[in-house]
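Worksheet: the structure to be examined is printed underneath.
We did not get these values from a lab; they are worked out from the coordinates using the rules stated. Please read all numbers here as calculations on a predicted model, not as lab measurements. As a convention, Cβ positions derive from the backbone with ideal geometry for all residues, glycine included, and neighbour counts pool all protein chains shown.
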Amino acid sequence: MNACMQLGIDGNSQEFKELEFAVFCIENIAKHLGIDGTTAYDLLARRTDALQNYIIPCYDVLHTQGKDYIVEDIMMYLYKRGVGSASIPRVLHGSF
């Protein structure tokens, strides 16, 4: 939080809460898939639209749920977009 204060970001702002939640989601998807955080970010933000078009816009509803529900919900979102567990390695390595 100190870094945010130095940058002039209010730790109580909606923007900060959404950012913190996005990091939570990235870290937990990484753990669920057995990948590192950078790779999970790439999957959620660059290879799919999950971060920009699902996780952040649905923050108000998602953040009220438990970790397991959130992870499974995001995985379902990915699956519905053709990124099932079998295709995750292809998506991560650019052959999707």
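Tabulated values for the structure
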read-out	value
Gain in span if fully extended, His63 to Ile9, counting 0.36 nm per residue against the direct Cα distance	17.4 nm
Ascending count of other beta-carbon atoms within 10 Å, so fewest first, for Val61, Val71	Val61, Val71
